[in-house]
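K.L.:
Sharing a structure here in structure tokens format.
The values are calculated or read from the model by the stated rules, or taken from the named source; none is laboratory data. Everything numeric here is computed off the predicted structure, so don't read it as measured data. Every residue, glycine among them, receives a Cβ derived from its backbone with ideal geometry; neighbour counts consider all protein chains shown. These accessible areas exclude ligands, DNA and RNA; they are computed on the full protein's heavy atoms, side chains included. Shrake-Rupley method; radii C 1.70, N 1.55, O 1.52, S 1.80 Å.
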Amino acid sequence: MSHHPIRRAAVIAVASVSALALGACSAGSLVNPTESSSAGKTTLTILMDSSTQTTTQGKAIADGFNASQDEIEVKIETRPEGTDGDNVVKTRLATGEMTDLFQYNSGSLMQALDPATNMVSLTDQDFIANLDESFVTSVTADEQVYGVPFGQLMAGGIYYNKKVYADLGLSVPKTWDEFMANNAKIKEAGIDPVIQTYGDTWTSQLFVLADFHNVLSEQPDWAEKYTANQAKYVDEPAIKGFERLQDVYDAGYLNKDFASAKLTQGLQQLVDGTGAQYPSLTFTITSYLELADDAAENIGFFAQPGDDAATNGLTSWSPAALYIPSTTTGDKLDAAKKFLAWVATPEACDALTAAMDPTGPYAVKGCALPDGLPAAVTDMQAYYDNGNVSPALEFLSAVKGPNLEKITVEVGSGITTAADGAARYDEDVKKQAQQLGLEGW
Amino acid sequence: MHSEATARPKTAAPRAVARHVERSYPLWFYIPGGLVYVVLFIVPTLLSFYFAFTRWTLFDSTFVGFDNFIQFFAEPGLIGSLKNTLVYGVVTSASKVVLGMLLAVLLSGPIIARGYLRSVTFFPVLVSAVGVGLTFQVLLDPFNGVVNQVWTAITGADGPGWLTNPDLALLSVAAIDVWKGVGLATLIYIAGIAAIPNEYFEAARVDGAGAWQQFRSIILPLSFPATSTVILLSLIGGLRSFDLIWSTTQGGPGFSSDVIASVIYKQYQAGFYGLSTAGNVILFLVVTAIVYPLSRWLNSKETSL
């Protein structure tokens, strides 16, 4: 064998390796094209999660804005939902490959993005004054405001089938004892009192998360103490949420297929009336509307009952927000701020309402909800109107353990006790606090 | 699957061949390959050993010494997941050895539709683990799944919650893994059995050995290289198994089917990148600590055959 062909092969090999290396360098420019169309329009791209709800609303808001002026054009790019999507956002921020704007959760999940380094502060913008104060708190880090709301407020609580309630002569419970008394009657009538769907593990957390209003009404500074490692889930009043989860399991109030059922199956049982009550977050309202003709009127909503009827109230979640990454500069930055200023107006709310029935109040001042909304939205609205609302823990503290949903599945299906589950969650939370570099952990 | 080479019997390469290789491929010829290896393998490995000692948010990292490792071992789920990993690895690997051997003996014999049956056995190996996981999730649904509907039709009672009962979930997933992977074990055994010279069987038959004696005294010992390959491959696969567990139970219900790999993935999902890297280093060490001595021992048994 002569040396010649070998040398040639080696040259080709070296060339292809360097091509590979060059390719790696330029891949970023494919992901994030710096484009400006010939008409002199500035094009903005927003990264959003790919759920139907988000994309429908995202499109509505982009179309509405594009129609309102002709200097800027807004486009949508999607990413996966859930923790995979979180990692896409984190990676793109860390590598400077983020789109001009992005949609992401408010509260503790936003805090984990290191907003001071990765995002543009909007504190000095006039439109911040148009936003609901509790929302502003949920997108504030170190006294800087970073986001503009996208979508509506939601609440954690319990859906109930009004027909079942009417047939059995039940009224909406304000205390846990009333709730359990209702359950006993529902069970007697041969209907599953409480629907649980551990096939979608996130749904198992509601009894713990939605109980937070009750925790706060008993101990108003609980969230600060918790963040400072001075309050724990194993102690009163916070352990109640875990105990309530165990209560309904121990009493045999769950649907037979609770261990494997998924969200849609749970909602189906609720609208069919084979299950009477279902703890959930209200963004799922849109999911049950299509499952039965009378679902909109027949499904009501109430806050999770606590120990005291006088303090009964709702735990509320801020909507996701739109943020500008610190990599957006110059003309693009100005355009992005103009866009956000528009999003913070009632006009933008109307565009959202036209695209999809709202499932809760808007976090922008002056936005009105239309008439004829599903009964659950109206029920929820009443709590906001009366001011019986507390923000969920994730908006008051950056500390949220990643394994809560697994732990609540264990407690809720009798694998472990409320006390053990709560203790385990306290352990889980420690890692998050240490990761954030909080004092006292 | 890169360990296949280590599992093969070590045949000392004749010196002439070695010198021939040296002559036709000068050292610089290895540079491109070596470069790729260094960039894509050595550098990330060394970096991950470094990041295992940091608290790392992707945005910045602080050096925390052995904290991550201490944290990982303090993780309440870790001891459970370590036990689950070993159970899963041993159960799948042992079942694959036994079933693979049985199927291979069957499929090496003169039976009808042998080629077709061989393909059927091998088919699940080709399907993606995620696809298999999702399919079995549907099949094993406690109330609507085919398996339990048949169960109910026969016994009249509700079937077990294969993937939702904390005592059963891990073993159910292991069974799915065996179904999916036994084809590869069978293939290796078929090759091993086919490599046994026919003279041995002829000699045995002349001496009046029956089928069992032929299996016991010829097939079993002479297919030992195949056995050790299957053991090592399936044990490594089992110890680092993740995709099937994730697509069927996600480590649940609760934490009852968590293995080390799924615990690591969950740390990564939660944004604890330093911690999950430390977990990977631990997994690397655990797999090495089990597989390396085992492979040495199996190889020594082979050469003494």
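K.L.:
Please go through (1) away from chain B (no Cβ under 14 Å); (2) in contact with a Pro (Cβ under 6 Å, 6 or more places away or on another chain) for A:ALA228 and return the number of the only condition it doesn't satisfy.
P.N.:
Among (1) away from chain B (no Cβ under 14 Å); (2) in contact with a Pro (Cβ under 6 Å, 6 or more places away or on another chain), the lone unmet condition for A:ALA228 is (2).
K.L.:
Right, next: Might you check whether a residue that is at pLDDT below 90, over 21 Å from A:LEU206 (Cα atoms) and among the charged types (D, E, K, R) occurs anywhere in segment A:148-163?
P.N.:
There is no residue in segment A:148-163 that is at pLDDT below 90, over 21 Å from A:LEU206 (Cα atoms) and among the charged types (D, E, K, R).
K.L.:
Which residue is nearest to A:ASP250 (Cα to Cα), if the candidates are limited to segment A:401-421 and must be more than 10 Å from every other protein chain (Cβ to nearest Cβ) and surrounded by fewer than 23 Cβ atoms within 10 Å (Cβ to Cβ)?
P.N.:
Just the residues of segment A:401-421 that are more than 10 Å from every other protein chain (Cβ to nearest Cβ), to begin with: A:404, A:417-419.
From what is left, the residues that are surrounded by fewer than 23 Cβ atoms within 10 Å (Cβ to Cβ) are A:404, A:417, A:419.
Working: A:LEU404: 20, A:THR417: 10, A:ALA419: 14 Å.
Of everything passing the filter in segment A:401-421, A:THR417 is nearest to A:ASP250 (Cα to Cα).
K.L.:
To continue, here is another question. Looking only at segment A:187-222, which residues are of a type in the set (Gly, Ala, Ser) and either farther than 20 Å from A:ALA419 by Cα or within 14 Å of chain B (Cβ to nearest Cβ) (or both)?
P.N.:
Here is the first cut: in segment A:187-222, the ones of a type in the set (Gly, Ala, Ser) are A:189-190, A:199, A:204, A:210, A:217.
Within segment A:187-222, A:ALA189, A:GLY190, A:GLY199, A:SER204, A:SER217 meet the criteria.
K.L.:
Ok, one more. Can you name the number of the only condition in (1) closer than 18 Å to B:VAL230 by Cα; (2) open to solvent by less than 60 Å² (accessible area, probe 1.4 Å) that B:TYR292 fails?
P.N.:
Among (1) closer than 18 Å to B:VAL230 by Cα; (2) open to solvent by less than 60 Å² (accessible area, probe 1.4 Å), the lone unmet condition for B:TYR292 is (2).
K.L.:
What residue, of B:SER256, B:SER228, B:SER234, is in contact with a Gly (Cβ under 7 Å, 6 or more places away or on another chain) and open to solvent by less than 60 Å² (accessible area, probe 1.4 Å)? Talk me through it step by step, then tell me what you get.
P.N.:
On the way: B:SER256 fails: in contact with a Gly (Cβ under 7 Å, 6 or more places away or on another chain); B:SER228 fails: in contact with a Gly (Cβ under 7 Å, 6 or more places away or on another chain).
After ruling out the rest, the residue left standing is B:SER234.
K.L.:
B:LEU163 versus (1) more than 16 Å from the chain's Cα centre (by Cα); (2) surrounded by fewer than 22 Cβ atoms within 10 Å (Cβ to Cβ): which is the lone unmet condition?
P.N.:
(2)
K.L.:
Given (1) under 21 Å from the mean Cα position of the chain (by Cα); (2) more than 15 Å from B:VAL173 (Cβ to Cβ); (3) of a type in the set (Ser, Thr, Tyr), identify the lone condition not met by B:SER108.
P.N.:
The one condition B:SER108 does not meet is (1).
K.L.:
Turning to a different aspect of this structure: Of the residues B:LEU106, B:LEU40, B:LEU99, which single one is touching a residue at least 12 places away in the same chain (Cβ under 8 Å), of a type outside the set (Ser, Thr, Tyr) and either in contact with a helix residue (DSSP H, G or I) (Cβ under 7 Å, 6 or more places away or on another chain) or not in a loop (DSSP other than H, G, I, E, B) (or both)?
P.N.:
Working: B:LEU106 fails: touching a residue at least 12 places away in the same chain (Cβ under 8 Å); B:LEU40 fails: touching a residue at least 12 places away in the same chain (Cβ under 8 Å).
B:LEU99 is the lone residue from the list that is touching a residue at least 12 places away in the same chain (Cβ under 8 Å), of a type outside the set (Ser, Thr, Tyr) and either in contact with a helix residue (DSSP H, G or I) (Cβ under 7 Å, 6 or more places away or on another chain) or not in a loop (DSSP other than H, G, I, E, B) (or both).
K.L.:
State which residue pairs qualify: first residue in contact (Cβ under 8 Å) with a residue 40 or more places away in the chain and inside segment A:77-97, second residue assigned to a helix (DSSP H, G or I) and open to solvent by less than 30 Å² (accessible area, probe 1.4 Å) in any location, beta carbons under 7 Å apart, and separation of 6 or more residues or different chains.
P.N.:
Matching pairs, first to second residue: A:LEU93/A:ASN118; A:GLU97/A:GLY28.
K.L.:
I'm checking my understanding of the structure. Among residues of segment A:84-115 that are assigned to a strand (DSSP E or B) and within 16 Å of A:THR140 (Cα to Cα), which one is farthest from the other protein chains (Cβ to nearest Cβ)?
P.N.:
Pass one, segment A:84-115, residues assigned to a strand (DSSP E or B): A:101-104.
Those left that are additionally within 16 Å of A:THR140 (Cα to Cα): A:103-104.
Values: A:GLN103: 18, A:TYR104: 13 Å.
Residue satisfying both the conditions and the ranking: A:GLN103.
K.L.:
Would segment A:170-182 turn up any residue that is basic (Lys, Arg) and in contact (Cβ under 8 Å) with a residue 24 or more places away in the chain? Steps first, answer last, please.
P.N.:
Our first condition is that a residue be basic (Lys, Arg); within segment A:170-182, this holds for A:174.
Now narrow it down to the ones that are in contact (Cβ under 8 Å) with a residue 24 or more places away in the chain: A:174.
For segment A:170-182, residues basic (Lys, Arg) and in contact (Cβ under 8 Å) with a residue 24 or more places away in the chain: present.
K.L.:
Hey, which of the strands (runs of 3 or more DSSP E) in segment A:286-384, taking only ones fully inside, have at least 2 residues that are polar (S, T, N, Q) and over 23 Å from A:GLN69 (Cβ atoms)?
P.N.:
Because the criterion is at least 2 residues that are polar (S, T, N, Q) and over 23 Å from A:GLN69 (Cβ atoms), the strands (runs of 3 or more DSSP E) in segment A:286-384 that meet it are A:314-317.
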